[in-house]
Every structure is written in C-alpha cells, then in structure tokens.
1. Counting other beta carbons within 10 Å of each Cβ, put 253, 61, 273 in order, fewest first.
2. Can you tell which of 81, 155, 66 shows the greatest fluctuation in a Gaussian network model of the chain with Cα springs below 10 Å?
3. Mind listing the long-range amide H neighbours of residue 53? Cut-off is under 5 Å, sequence gap 5 or more, other chains count too, H placed in the peptide plane at 1.01 Å from N.
4. When Lys and Arg each count +1 and Asp and Glu each count -1, what net charge do the other residues less than 15 Å away from residue 46, Cβ to Cβ, add up to?
5. Which whole-number percentage describes the relative contact order of segment 1-87, with Cα contacts under 8 Å and a sequence gap of 6 or more?
6. I'm spelling it out carefully: the read-out is semi-axes √(5λ) of the Cα gyration tensor in Å, the candidates are (i) 89, 32, 17; (ii) 31, 26, 20; (iii) 27, 24, 20, and one was derived from this structure. Which label?
7. Connecting C-alpha atoms closer than 10 Å in a GNM of the chain, tell me which of 276, 187, 68 has the biggest fluctuation.
8. Where is the GNM fluctuation largest for the chain (alpha-carbon springs, 10 angstrom cutoff): 335, 239, 116?
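None of the figures in this text is laboratory data; all of them are computed from the coordinates on show. All values reported here derive from a predicted model rather than from experimental measurement. Cβ placement follows ideal geometry from the backbone for every residue including glycine, while neighbour counts extend to all protein chains displayed.
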Amino acid sequence: MQTRRPIEVLEDRTADTLTAWLRAHPGVEIVCRDRAGAYAEGTAAGAPDAVQVADRWHLWHNLGEAVERTVARHRASLSAAATEPAPPERPDITAAVAEIHCGPVAPGQRQDRTAVRTRQRWSEVHELLAQGASILAIGRELGLARGTTRRFARAASPEELLVSNRTGYRVSILEPYKPDLNRRWNEGCTNATQLFEEIKARGYRGSEKLVRNYLQPFRVLTHVPVALPPKPPTVRQVVGWIMTNPDALAAEHRASLEAILAVSPDLTALAGHVREFAEMMVQRRGRDLERWMTSVDADDQPALHSFVRGLRRDQDAVTAGLSMSWSSGPVEGHVNRIKMLKRQMFGRAKTDLLRKRILLSE
C-alpha cells in the first residue's frame, strides 16, 4: 500500500493460502481488503495483530444494493415524481377559420401565377399599342390569338381582366355557403357529412368531397394533441438520486426526489440513513458506526437491516475503514491491469508466467 506496487500473486483466494503467506512474511501491520470472508479469516489466522481495514468503496457498494432493494419495495411511490403536464390550450377556432378561409381574394390582391401573367401581358400589349402597333402585329409579336389580344387591348386595367372567368379564376360553387360552414364549425359542429346535408338543403349542388376539402385545414389547426401520461423514474434512477450529494443533484432531479420523499415516509427515512452514512464515511467518523446501526435497526428497513448484520460480523474492519485513510484503491487498479495482461496472452498464460508479468512489468 505504501509503494502502490504488487509484491506477490497467490494461486487462489482461499483463507489457508493467505494464512500461509502471512505466516511466512511476519511483520504485516495493516491489511486492506474487501468484504470477502476468506480474507478476514486468513488475515486473522496469519497475522492476528494486524489491523484489518474494510474498503470504503465496497461498503458504499453494499449499501447501494440495500438501497436498491428498498426503493424497489416502494416502487408505487415513484409515480409521485411524474408530474402531470398542463393540458394544451385549444386554438381559437374563429381565428383559425379566418386565417385559412377569408373569402374570395380581391383582384388587386391576387398574387397567383395567373394574376402575375395577366398583368405582364396587359402591360406588354398596351406598351406596343402606345408605339402604334396594330392588334394583328401585337398578336404576332407576343404569340397571342387575335381575340385574346383584342381583350387585353380593350381592358382599362389588368384587374378588369382578373374578375373575368376567362383569366382562369373561378368563383367556387361552395363560395356562397362558406360563411354558414364557418359559423357552424365555430359552434362546434365538425361532422363534414352533417354540414354537407345542411347546405345541400339550402341549395348547394356540389359534391361532399368539396366540403371535406374545405374543412380539412380547420382540423389541422384546431387539433389538440393528446398528452401522454409521463413515465415515473426507474428504480436505478431514484437510487442514484438518493446516493448522490444533494448539492450535486440537478434541479429537476432534486425536485423529483423531493416529490417522492414527500409521499413515502419509508424512503424519507432511507435517504436520511444514507446521507448520515455518507457523512460518516467522508469525515472518517468510524466511532459513530454503532450509533448509526442502532438507528437503522429502529426503523422498518429490512434491506438495511441485512446490511447492518453484515457490518456487525465485520465491525472492527468496517470501523477501521471508516476511520483510517487506508483504502484498497491501489489494489483495484492493479486488478484492472491484470485483466489487460490476461487478454494480451489470450487467456493461455500459466500462473507462473502471469505472476512474472504482474510483478516485473511497470
């Protein structure tokens, strides 16, 4: 632990093997280990005077497993974090109808392709007339029939031509009935067949399809999407929130956790125990472990009770782990390196070769 380098690789992880090695190397004062019982037994037999230090990461990991079981037990309370969304506002139908269908467009306001072409031709025809060209010559110049040229020449303005059906603009057969359709839609009648029958009784001679096409834009603008119920957070998400420092939680996660704790006294007590344990671990207050375990035993927390029973079986090592600065972190780093070495040798290296690579490689 002082040099942060491995000094030996044992063939197995049994208590007898560890005991034999410790007896062959007397003088060990501190043993950092995880929660495995074989390591505790082997150390007690091989180096009875050494102080055993339980690794804090494994303690926190074991606590997390107990927290997950408890949260899963109260899964029904997690829906409190799923706030109901505000219902979407229904758009103003009157404004929507006015925006889509505002009646026939005045000739001077038309900007469709036919209107643009009509104005351009009228200007060209009258420009050639001003130059003294004849109707026949203008028709040849612009590629127009004599009758078409004569109509453009006689029109005082292009708007005079745009009100004529012969420019391609026709008043819809549905036009006289659009105000009634708009009014009935605003009153809440959105059944196209019913509206068709109503205007048919008043003299409409067109098809029902024309009515449906006219009403289709209304349905798009006035459609109100159905809000799906929000999903509650998962058990793992809530466990992560409980085991995270409240100051490091995002605002929305903190609000969700507070909503869950507000409806579940058991989860509130659980969160309190977790935070007390975290403070005790960070501040190295192993002396408070017994008081913390007594407080947990007084609550209805079966998963935490199981965790506490495990702590009591290894209480001296746990107290040392929560009090001393020693940790098994360097060991875990070398375990990761050992896995890399085994992959490099495709899992075919014998123990003696693997031991040399672990001890001799940097």
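1. 61, 253, 273
2. 155
3. Under 5 Å from the amide H of residue 53: 31, 32, 33.
4. That sum, taken over residues with Cβ under 15 Å, equals -3.
5. Worked out over segment 1-87, it gives 24 percent.
6. Looking at semi-axes √(5λ) of the Cα gyration tensor in Å for this model, the match is (i).
7. In the Gaussian network model the winner is 187.
8. With Cα springs under 10 Å in the chain, the top fluctuation among 335, 239, 116 is at 116.
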